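Below: one structure, written as C-alpha coordinates.
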Ligand SMILES: NC(=O)c1ccc[n+]([C@@H]2O[C@H](COP(=O)([O-])OP(=O)(O)OC[C@H]3O[C@@H](n4cnc5c(N)ncnc54)[C@H](O)[C@@H]3O)[C@@H](O)[C@H]2O)c1
(Lines give C-alpha, C1' and ligand atoms only; values in the text may rest on other atoms or scores of the structure.)
Protein backbone atom coordinates (compact mmCIF):
# COMPACT_ATOMS: atom_id res chain seq x y z
CA UNK A 1 0.00 0.00 0.00
CA UNK A 2 0.98 3.64 -0.57
CA UNK A 3 3.77 2.61 -2.90
CA UNK A 4 5.23 5.49 -4.93
CA UNK A 5 7.47 3.54 -7.31
CA UNK A 6 8.08 5.49 -10.55
CA UNK A 7 6.52 8.64 -9.10
CA UNK A 8 8.43 11.88 -9.53
CA UNK A 9 7.67 14.12 -6.54
CA UNK A 10 8.46 17.83 -6.21
CA UNK A 11 8.47 19.22 -2.66
CA UNK A 12 9.00 22.90 -1.91
CA UNK A 13 10.60 23.76 1.42
CA UNK A 14 11.86 20.19 1.67
CA UNK A 15 14.96 21.26 3.58
CA UNK A 16 13.20 21.57 6.93
CA UNK A 17 10.29 20.53 9.13
CA UNK A 18 7.18 19.15 7.45
CA UNK A 19 8.61 19.22 3.91
CA UNK A 20 11.68 17.31 5.03
CA UNK A 21 9.57 14.64 6.77
CA UNK A 22 7.44 14.29 3.61
CA UNK A 23 10.54 13.97 1.41
CA UNK A 24 12.01 11.25 3.63
CA UNK A 25 8.75 9.28 3.92
CA UNK A 26 7.91 9.50 0.20
CA UNK A 27 11.44 8.38 -0.72
CA UNK A 28 11.08 5.42 1.64
CA UNK A 29 8.01 4.47 -0.44
CA UNK A 30 10.28 4.43 -3.55
CA UNK A 31 9.45 7.86 -4.96
CA UNK A 32 12.05 9.93 -6.82
CA UNK A 33 12.09 13.06 -4.71
CA UNK A 34 13.03 16.56 -5.92
CA UNK A 35 13.68 18.85 -2.96
CA UNK A 36 13.37 22.57 -3.68
CA UNK A 37 14.44 25.05 -1.03
CA UNK A 38 15.80 28.55 -0.67
CA UNK A 39 18.36 27.01 1.67
CA UNK A 40 20.47 24.73 -0.56
CA UNK A 41 22.48 23.27 2.33
CA UNK A 42 19.28 22.20 4.07
CA UNK A 43 17.89 20.68 0.84
CA UNK A 44 21.18 18.82 0.30
CA UNK A 45 21.04 17.55 3.88
CA UNK A 46 17.55 16.08 3.31
CA UNK A 47 18.69 14.54 0.02
CA UNK A 48 21.77 13.04 1.71
CA UNK A 49 19.64 11.47 4.45
CA UNK A 50 17.55 9.85 1.70
CA UNK A 51 20.37 8.66 -0.55
CA UNK A 52 22.35 7.34 2.46
CA UNK A 53 19.47 4.93 3.02
CA UNK A 54 19.39 3.91 -0.67
CA UNK A 55 16.59 6.27 -1.73
CA UNK A 56 16.50 8.62 -4.72
CA UNK A 57 16.62 12.38 -4.16
CA UNK A 58 17.90 15.58 -5.75
CA UNK A 59 18.36 18.97 -4.08
CA UNK A 60 17.89 22.35 -5.79
CA UNK A 61 18.23 25.95 -4.66
CA UNK A 62 15.01 27.66 -5.70
CA UNK A 63 13.16 30.73 -4.55
CA UNK A 64 9.49 29.90 -5.13
CA UNK A 65 8.69 33.62 -5.48
CA UNK A 66 10.71 33.75 -8.72
CA UNK A 67 8.54 32.50 -11.58
CA UNK A 68 11.36 32.23 -14.14
CA UNK A 69 13.50 30.22 -11.75
CA UNK A 70 10.59 27.89 -10.98
CA UNK A 71 9.64 27.46 -14.66
CA UNK A 72 13.21 26.63 -15.70
CA UNK A 73 13.70 24.09 -12.95
CA UNK A 74 10.39 22.32 -13.52
CA UNK A 75 11.11 22.22 -17.28
CA UNK A 76 14.41 20.51 -16.50
CA UNK A 77 12.82 18.03 -14.10
CA UNK A 78 10.40 17.22 -16.92
CA UNK A 79 7.94 14.85 -15.23
CA UNK A 80 6.03 15.67 -12.05
CA UNK A 81 3.50 13.14 -10.76
CA UNK A 82 3.09 14.67 -7.29
CA UNK A 83 3.53 18.30 -6.21
CA UNK A 84 3.78 19.26 -2.54
CA UNK A 85 3.33 23.02 -2.14
CA UNK A 86 4.85 23.31 1.29
CA UNK A 87 7.30 26.24 1.47
CA UNK A 88 5.89 28.89 3.77
CA UNK A 89 6.88 31.64 6.19
CA UNK A 90 5.23 33.24 9.22
CA UNK A 91 4.44 36.71 10.46
CA UNK A 92 3.07 37.36 13.93
CA UNK A 93 0.87 40.42 14.33
CA UNK A 94 -2.66 41.77 13.96
CA UNK A 95 -3.56 44.16 11.13
CA UNK A 96 -1.97 47.17 12.86
CA UNK A 97 1.27 45.27 13.34
CA UNK A 98 1.46 44.22 9.72
CA UNK A 99 3.44 46.69 7.63
CA UNK A 100 3.11 46.66 3.85
CA UNK A 101 6.53 44.97 3.59
CA UNK A 102 5.41 42.20 5.98
CA UNK A 103 2.23 41.62 4.00
CA UNK A 104 4.11 41.53 0.68
CA UNK A 105 6.72 39.12 2.05
CA UNK A 106 4.12 36.66 3.33
CA UNK A 107 2.01 36.98 0.19
CA UNK A 108 4.99 36.47 -2.14
CA UNK A 109 6.18 33.25 -0.54
CA UNK A 110 2.97 31.66 0.73
CA UNK A 111 0.58 32.63 -2.07
CA UNK A 112 2.53 33.64 -5.16
CA UNK A 113 5.07 30.88 -4.51
CA UNK A 114 2.32 28.26 -4.60
CA UNK A 115 0.84 29.86 -7.74
CA UNK A 116 4.26 29.80 -9.44
CA UNK A 117 4.62 26.10 -8.70
CA UNK A 118 1.14 25.30 -9.98
CA UNK A 119 1.71 27.44 -13.08
CA UNK A 120 4.82 25.44 -13.90
CA UNK A 121 3.56 21.98 -12.96
CA UNK A 122 -0.06 21.81 -14.16
CA UNK A 123 0.78 21.80 -17.92
CA UNK A 124 3.24 18.93 -17.33
CA UNK A 125 0.69 16.96 -15.34
CA UNK A 126 -1.93 17.52 -18.04
CA UNK A 127 0.44 16.30 -20.73
CA UNK A 128 1.38 13.31 -18.61
CA UNK A 129 -2.18 12.09 -17.91
CA UNK A 130 -2.68 13.54 -14.43
CA UNK A 131 -1.20 13.89 -10.99
CA UNK A 132 -1.75 14.71 -7.33
CA UNK A 133 -1.23 18.10 -5.70
CA UNK A 134 -1.09 18.71 -1.98
CA UNK A 135 -0.75 22.21 -0.56
CA UNK A 136 0.05 23.07 3.04
CA UNK A 137 -2.78 25.24 4.38
CA UNK A 138 -3.28 25.69 8.14
CA UNK A 139 -5.92 25.76 10.84
CA UNK A 140 -5.52 29.52 10.24
CA UNK A 141 -7.22 29.04 6.85
CA UNK A 142 -10.57 28.52 8.54
CA UNK A 143 -10.24 29.51 12.23
CA UNK A 144 -9.52 32.97 13.64
CA UNK A 145 -6.08 32.75 15.27
CA UNK A 146 -4.88 35.70 17.35
CA UNK A 147 -2.17 37.90 15.81
CA UNK A 148 -1.84 36.02 12.53
CA UNK A 149 -3.39 38.58 10.15
CA UNK A 150 -1.10 38.20 7.12
CA UNK A 151 -0.39 34.53 7.67
CA UNK A 152 -4.11 33.64 7.97
CA UNK A 153 -4.88 35.66 4.86
CA UNK A 154 -2.23 33.72 2.93
CA UNK A 155 -3.42 30.32 4.17
CA UNK A 156 -7.04 31.15 3.31
CA UNK A 157 -5.76 31.86 -0.19
CA UNK A 158 -3.98 28.50 -0.35
CA UNK A 159 -7.21 26.74 0.59
CA UNK A 160 -9.17 28.58 -2.13
CA UNK A 161 -6.38 28.12 -4.70
CA UNK A 162 -6.38 24.38 -4.12
CA UNK A 163 -10.17 24.16 -4.56
CA UNK A 164 -10.03 26.19 -7.76
CA UNK A 165 -7.38 23.88 -9.24
CA UNK A 166 -9.30 20.78 -8.12
CA UNK A 167 -12.36 22.01 -10.02
CA UNK A 168 -10.62 23.24 -13.17
CA UNK A 169 -8.39 20.19 -13.68
CA UNK A 170 -10.60 17.33 -12.56
CA UNK A 171 -11.10 16.25 -16.18
CA UNK A 172 -7.30 16.12 -16.57
CA UNK A 173 -7.10 13.52 -13.82
CA UNK A 174 -5.40 15.97 -11.45
CA UNK A 175 -6.40 15.81 -7.79
CA UNK A 176 -5.81 18.78 -5.48
CA UNK A 177 -6.17 18.83 -1.70
CA UNK A 178 -4.88 20.73 1.32
CA UNK A 179 -3.70 19.70 4.76
CA UNK A 180 -4.40 22.07 7.65
CA UNK A 181 -2.03 21.43 10.54
CA UNK A 182 -2.36 23.00 13.98
CA UNK A 183 0.98 23.58 15.75
CA UNK A 184 3.62 21.18 14.50
CA UNK A 185 7.00 21.27 16.24
CA UNK A 186 9.40 22.42 13.52
CA UNK A 187 12.05 25.14 13.14
CA UNK A 188 9.17 27.33 11.83
CA UNK A 189 7.51 27.34 15.29
CA UNK A 190 10.79 27.62 17.22
CA UNK A 191 11.78 30.49 14.91
CA UNK A 192 8.68 32.61 15.37
CA UNK A 193 8.67 32.02 19.14
CA UNK A 194 12.34 33.10 19.40
CA UNK A 195 11.75 36.15 17.20
CA UNK A 196 8.50 37.36 18.69
CA UNK A 197 8.66 36.27 22.35
CA UNK A 198 12.32 36.61 23.46
CA UNK A 199 12.76 35.52 27.08
CA UNK A 200 9.37 33.81 27.14
CA UNK A 201 10.27 30.86 24.90
CA UNK A 202 9.40 28.07 27.38
CA UNK A 203 6.14 29.70 28.47
CA UNK A 204 4.95 30.35 24.91
CA UNK A 205 5.98 26.85 23.77
CA UNK A 206 3.86 25.40 26.62
CA UNK A 207 0.94 27.67 25.76
CA UNK A 208 1.05 26.75 22.08
CA UNK A 209 1.34 23.05 22.97
CA UNK A 210 -1.73 23.24 25.22
CA UNK A 211 -3.76 25.03 22.56
CA UNK A 212 -4.24 21.59 21.02
CA UNK A 213 -6.77 19.76 23.23
CA UNK A 214 -4.58 16.65 22.86
CA UNK A 215 -1.99 18.59 24.93
CA UNK A 216 1.01 18.77 22.64
CA UNK A 217 2.22 19.89 19.23
CA UNK A 218 2.18 17.45 16.34
CA UNK A 219 5.31 16.06 14.71
CA UNK A 220 6.35 16.58 11.08
CA UNK A 221 6.22 12.79 10.64
CA UNK A 222 2.54 12.71 11.66
CA UNK A 223 1.78 15.24 8.92
CA UNK A 224 3.89 13.29 6.42
CA UNK A 225 1.82 10.14 6.93
CA UNK A 226 -1.39 11.99 6.06
CA UNK A 227 0.37 13.53 3.06
CA UNK A 228 1.44 10.09 1.88
CA UNK A 229 -2.11 8.78 1.96
CA UNK A 230 -3.54 11.82 0.14
CA UNK A 231 -0.91 11.65 -2.63
CA UNK A 232 -1.05 7.89 -3.09
CA UNK A 233 -3.17 6.08 -5.67
CA UNK A 234 -5.18 4.67 -2.73
CA UNK A 235 -6.67 8.18 -2.31
CA UNK A 236 -7.89 8.30 -5.93
CA UNK A 237 -11.45 9.32 -4.88
CA UNK A 238 -10.25 12.31 -2.86
CA UNK A 239 -10.06 15.77 -4.42
CA UNK A 240 -11.14 19.32 -3.59
CA UNK A 241 -10.88 18.86 0.14
CA UNK A 242 -9.02 20.01 3.23
CA UNK A 243 -7.73 17.71 5.94
CA UNK A 244 -7.10 19.18 9.40
CA UNK A 245 -4.40 17.42 11.44
CA UNK A 246 -4.78 19.31 14.64
CA UNK A 247 -4.96 17.33 17.91
CA UNK A 248 -8.60 18.41 18.18
CA UNK A 249 -7.88 22.15 17.75
CA UNK A 250 -10.78 22.96 15.44
CA UNK A 251 -13.59 20.83 16.84
CA UNK A 252 -12.66 20.02 20.47
CA UNK A 253 -11.51 23.40 21.81
CA UNK A 254 -14.46 24.04 24.15
N1 LIG B 1 4.81 24.15 11.83
C2 LIG B 1 3.55 24.48 12.00
O3 LIG B 1 3.06 24.60 13.15
C4 LIG B 1 2.65 24.69 10.82
C5 LIG B 1 1.25 24.74 11.04
C6 LIG B 1 0.41 24.94 9.95
C7 LIG B 1 0.94 25.08 8.67
N8 LIG B 1 2.28 25.04 8.50
C9 LIG B 1 2.78 25.21 7.14
O10 LIG B 1 3.56 24.09 6.76
C11 LIG B 1 4.57 24.50 5.86
C12 LIG B 1 5.93 24.01 6.35
O13 LIG B 1 6.15 24.52 7.64
P14 LIG B 1 7.36 24.05 8.55
O15 LIG B 1 6.89 24.23 9.95
O16 LIG B 1 7.87 22.74 8.11
O17 LIG B 1 8.41 25.24 8.20
P18 LIG B 1 10.02 25.29 8.21
O19 LIG B 1 10.37 26.72 8.46
O20 LIG B 1 10.57 24.25 9.14
O21 LIG B 1 10.39 24.91 6.72
C22 LIG B 1 10.03 25.73 5.64
C23 LIG B 1 11.05 25.58 4.53
O24 LIG B 1 10.63 26.43 3.45
C25 LIG B 1 11.80 27.04 2.92
N26 LIG B 1 11.45 28.29 2.23
C27 LIG B 1 11.06 29.45 2.82
N28 LIG B 1 10.90 30.39 1.88
C29 LIG B 1 11.16 29.82 0.68
C30 LIG B 1 11.18 30.29 -0.66
N31 LIG B 1 10.91 31.56 -0.97
N32 LIG B 1 11.51 29.41 -1.66
C33 LIG B 1 11.83 28.13 -1.36
N34 LIG B 1 11.85 27.64 -0.10
C35 LIG B 1 11.52 28.48 0.91
C36 LIG B 1 12.69 27.28 4.13
O37 LIG B 1 14.06 27.47 3.73
C38 LIG B 1 12.46 26.02 4.94
O39 LIG B 1 13.40 25.02 4.61
C40 LIG B 1 4.47 26.03 5.74
O41 LIG B 1 3.71 26.35 4.59
C42 LIG B 1 3.70 26.41 6.99
O43 LIG B 1 2.97 27.60 6.82
C44 LIG B 1 3.16 24.84 9.53
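Residues checked against (1) surrounded by fewer than 17 Cβ atoms within 10 Å (Cβ to Cβ); (2) within 15 Å of the ligand (Cβ to nearest atom):
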position: 10; (1), (2): no, yes
position: 16; (1), (2): no, yes
position: 25; (1), (2): no, yes
position: 40; (1), (2): yes, yes
position: 43; (1), (2): no, yes
position: 46; (1), (2): no, yes
position: 49; (1), (2): yes, yes
position: 55; (1), (2): no, no
- Test residue 79 against the criterion of being in a loop (DSSP other than H, G, I, E, B) and under 25 Å from residue 183 (Cα atoms), and give yes or no. no
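Suppose the filter is touching a strand residue (DSSP E or B) at 6+ places or on another chain (Cβ under 9 Å) and surrounded by 15 or more Cβ atoms within 10 Å (Cβ to Cβ); does residue 182 pass it?
Working: touching a strand residue (DSSP E or B) at 6+ places or on another chain (Cβ under 9 Å): yes; surrounded by 15 or more Cβ atoms within 10 Å (Cβ to Cβ): yes.
So residue 182 passes the test.
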- Query: How about region 208-241: which of its residues are within 12 Å of residue 181 (Cβ to Cβ), surrounded by 18 or more Cβ atoms within 10 Å (Cβ to Cβ) and touching a helix residue (DSSP H, G or I) at 6+ places or on another chain (Cβ under 9 Å)?
  - Reply: 212, 217, 220, 223, 224, 227
- So which residues in region 62-112 are closer than 15 Å to residue 138 by Cβ and away from the ligand (no atom under 12 Å from the Cβ), if there are any at all? 92
- Message: Going by what's in this entry, would residue 118 be described as surrounded by 18 or more Cβ atoms within 10 Å (Cβ to Cβ), in contact with a helix residue (DSSP H, G or I) (Cβ under 8 Å, 6 or more places away or on another chain) and not in a helix (DSSP H, G or I)?
- Response: no
- Message: Looking at region 112-137, I want the residues that are more than 18 Å from residue 76 (Cβ to Cβ) and at pLDDT 95 or above and have a partner that is away from the ligand (no atom under 16 Å from the Cβ) and part of a helix (DSSP H, G or I) with Cβ atoms under 6 Å, at least 6 apart or on another chain. Which pairs are those?
- Response: 126/172
- Just checking, how many residues over region 242-254 are within 16 Å of the ligand (Cβ to nearest atom), assigned to a helix (DSSP H, G or I) and surrounded by fewer than 17 Cβ atoms within 10 Å (Cβ to Cβ)? 1
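Return the residue satisfying two criteria in turn: it lies in region 141-155 and is assigned to a helix (DSSP H, G or I), touching a residue at least 40 places away in the same chain (Cβ under 8 Å) and within 12 Å of the ligand (Cβ to nearest atom), and of such residues it is surrounded by the fewest Cβ atoms within 10 Å (Cβ to Cβ).
So the first thing to find is which residues in region 141-155 are assigned to a helix (DSSP H, G or I), and the list is 141, 149-155.
After this cut, where a residue has to be touching a residue at least 40 places away in the same chain (Cβ under 8 Å) as well, the list is 141, 149-151, 153-155.
Next, from what is left, pick out any that are within 12 Å of the ligand (Cβ to nearest atom): 141, 150-151, 154-155.
On the way: 141: 22, 150: 24, 151: 24, 154: 28, 155: 26.
Filtering region 141-155 for residues that are assigned to a helix (DSSP H, G or I), touching a residue at least 40 places away in the same chain (Cβ under 8 Å) and within 12 Å of the ligand (Cβ to nearest atom), the one surrounded by the fewest Cβ atoms within 10 Å (Cβ to Cβ) comes out as 141.
The values are calculated or read from the model by the stated rules, or taken from the named source; none is laboratory data. No experiment lies behind these values; they were computed from the predicted model shown. Glycine also receives a Cβ, built like all others from the backbone with ideal geometry; neighbour counts cover every protein chain displayed.
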